[in-house]
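Okay, structure first, notes after.
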Amino acid sequence: AVIIAAVLAVCGAALYGLWAAGMLLPGWVYWESGSITGESGDYEVSLEERTVQVAYHGAEIWQSPKEIKVQQAVLGDIDLDGRDELILLCWKRGRFGAYKPFWIERDEKDWSQHIFVYDCAGEKIVPQWMSSYIGQDVTEMSSGGKGQARWLLLTDPEGEVSYWRWDSWGFTKDDAEVSFAVFGDNLIHEPIYRYGMNQGGDFDFLFENMGDILKESDISVINQETPLVTEFSEYRDYPRFGTPVQVGEAIADAGFDVVTCATNHALDRGAKGIHTTKDCFAERGLLCLGIQTLEEPERKPYELIRRNNIRFALFNYTYGTNGVPLPEESPYMVHLLEDEVQIREDIECARREADVVLVFVHWGTENSEEIDSFQKKWTDIFLDSQVDVVVGSHPHVLQDYEMLEREDGHKMLVYYSVGNFVSAQPEKSCTRGGVAEFTIAPVQGGYAVSEYSLAPLTIKWEKGGKYTAVLPDGKGIDGNGKQKSIFKG
């Protein structure tokens, strides 16, 4: 009995020693090791055996306190003050530091997880912010974003990521993801505009089934295939379209944020149609991409939009205008996909001004599910130019979508064609469209697509001439790099 008691005492002491040394923390904890260099290049941080050392221009100047065990370290300018900060995901005994809330009489003795922030000030590492127990389990910490928006990304054991922004004194949990919903061709044939005009010019029926998806997305986009006009005498069907301006008003009323207008039919009503279209959307606060009026003589290749502190540069091109020439006095009236050198330069300029670059492009072979050589050529150009997302229209049918990757790791999501949103085309394949849904989120060093899918829709015709787009229940189809068979015509 004495021997057993002695053994138990020794084991108990050993376990207590391991616990006191922080060696018995949860099994999901991964203790990182290695070295990192800050954005300035002045500091190198080494993490080994749960301890951090910091070197300034090669000379060691600081070591993490013995009472903390460091799980992970990040070095970067998280508060945008022009200096690096050292951020530690660490463990210590007790939930509080030197100060605790007045209602807490005694701190706990158990180990808990914390975030410590130090300012890298020349040859000194100065404590800046030491959190109390952070209130959640964190398996991984990283910094994300770039430019004037930085986030701390915390991943829990279930893989869920939360985003935290430095806010004067400490971190604030914030919305950092931006979701997009991109619709295909709004192709207004005569049966559609006649029905709408017979309803007193009310075209809200076109979008009556899209309310939920529009509310759920941070930025919604639709391709207005046909130019808008104000006079009844200008209403036209194929091949030279003219669409009642009330269609544009319905787009605005539905809650869209962006309209792409660079299509092969953009010049069907000449410069007047361009003016009417752009004025309609601009007056209602929508971004109108891909066309410019005579009052805009300077080339403006892209527009900027900001959501959740992320800056997006949006481009819109068309392969052509059905042989209708651009006015000599306004060579940028419709943005054409033709000058590769200029387009590369424009994208490079946008990448310096924005965090994420998206291209909406009118291309491909009509009524074909196959990707043609023109699409492949420009896809390679966009990928080489480090575009983040490409969404295609024009074929009127669905084509594949996939995630492409450069050798340096940059990824680009491309939807080759999302088909029609609404049209009166009789072909069965033209009655099945889709909504490209994707989310942009901060990742280490910048931003990337975190989720993507294609929500299939069907164009429904009712007696009397009513055409509407309908989304099925359980609309979301997760992206897996290829279009699923359900979308085939």
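The values are calculated or read from the model by the stated rules, or taken from the named source; none is laboratory data. All figures in this text were calculated on a predicted structure; none of them were measured in a lab. Ideal geometry is used to build each Cβ from the backbone, glycine not excepted, and the neighbour counts take in all protein chains shown. We work out accessible area using only protein heavy atoms, side chains counted, and drop any ligands, DNA or RNA first. Shrake-Rupley method; radii C 1.70, N 1.55, O 1.52, S 1.80 Å.
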message = With the requirement that a residue be more than 21 Å from S64 (Cα to Cα), open to solvent by 50 Å² or more (accessible area, probe 1.4 Å) and in contact (Cβ under 8 Å) with a residue 24 or more places away in the chain, what does segment 137-164 give you?
response = D137, K146, Q148, P157, V161
request  = Being surrounded by fewer than 21 Cβ atoms within 10 Å (Cβ to Cβ) and at negative phi is the filter here, so list the residues in segment 421-445 that pass it.
outcome  = Q425, P426, E427, K428, S429, R432, T439, V443, Q444
message = Being in contact (Cβ under 8 Å) with a residue 12 or more places away in the chain, in contact with a strand residue (DSSP E or B) (Cβ under 9 Å, 6 or more places away or on another chain) and open to solvent by 10 Å² or more (accessible area, probe 1.4 Å) is the requirement here; does M412 meet it?
response = no
key: Criterion violated by V361 - all others in (1) open to solvent by less than 10 Å² (accessible area, probe 1.4 Å); (2) part of a loop (DSSP other than H, G, I, E, B) satisfied   = (2)
task = Select from segment 190-237 the residues that are under 17 Å from Y467 (Cα atoms), part of a loop (DSSP other than H, G, I, E, B) and open to solvent by 40 Å² or more (accessible area, probe 1.4 Å) and list them in ascending order.
result = Q199, G200, D202, E208, N209, D237
ask   = Which members of segment 128-165 meet the condition of being small (G, A, S), assigned to a loop (DSSP other than H, G, I, E, B) and within 15 Å of I115 (Cβ to Cβ)?
value = S131, S132, G135
message = Name the single residue that is least open to solvent (accessible area, probe 1.4 Å) among those in segment 166-189 being among the charged types (D, E, K, R) and touching a residue at least 40 places away in the same chain (Cβ under 8 Å).
response = D185
inquiry  = Scan segment 340-353 and tell me whether some residue there is open to solvent by less than 50 Å² (accessible area, probe 1.4 Å) and in contact with a helix residue (DSSP H, G or I) (Cβ under 6 Å, 6 or more places away or on another chain).
reply    = no
inquiry  = For segment 286-310, give me each residue that is within 20 Å of the chain's Cα centre (by Cα), modelled with pLDDT of 95 or more and open to solvent by less than 60 Å² (accessible area, probe 1.4 Å).
reply    = L286, L287, C288, L289, Y302, E303, I305
task = Would you please list the contacts, defined by Cβ atoms under 9 Å and residues six or more apart or on different chains, that run from a residue in segment 29-52 that is in a strand (DSSP E or B) to a residue that is of a type in the set (D, E) and open to solvent by less than 40 Å² (accessible area, probe 1.4 Å)?
result = Y43/D84
request  = Please enumerate the residues belonging to segment 364-383 that are outside any loop (DSSP other than H, G, I, E, B) and in contact (Cβ under 8 Å) with a residue 40 or more places away in the chain.
outcome  = F374, Q375, W378, I381
ask   = What residue, of A254, A282, is in contact with a Cys (Cβ under 7 Å, 6 or more places away or on another chain) and either farther than 20 Å from N420 by Cβ or open to solvent by 10 Å² or more (accessible area, probe 1.4 Å) (or both)?
value = A282
ask   = Does L24 satisfy being open to solvent by 50 Å² or more (accessible area, probe 1.4 Å), in contact with a helix residue (DSSP H, G or I) (Cβ under 7 Å, 6 or more places away or on another chain) and either part of a loop (DSSP other than H, G, I, E, B) or at pLDDT below 90 (or both)?
value = yes
request  = Would you check if there is a residue in segment 289-306 being under 29 Å from R344 (Cβ atoms), touching a residue at least 60 places away in the same chain (Cβ under 8 Å) and touching a Lys or Arg at 6+ places or on another chain (Cβ under 9 Å)?
outcome  = yes
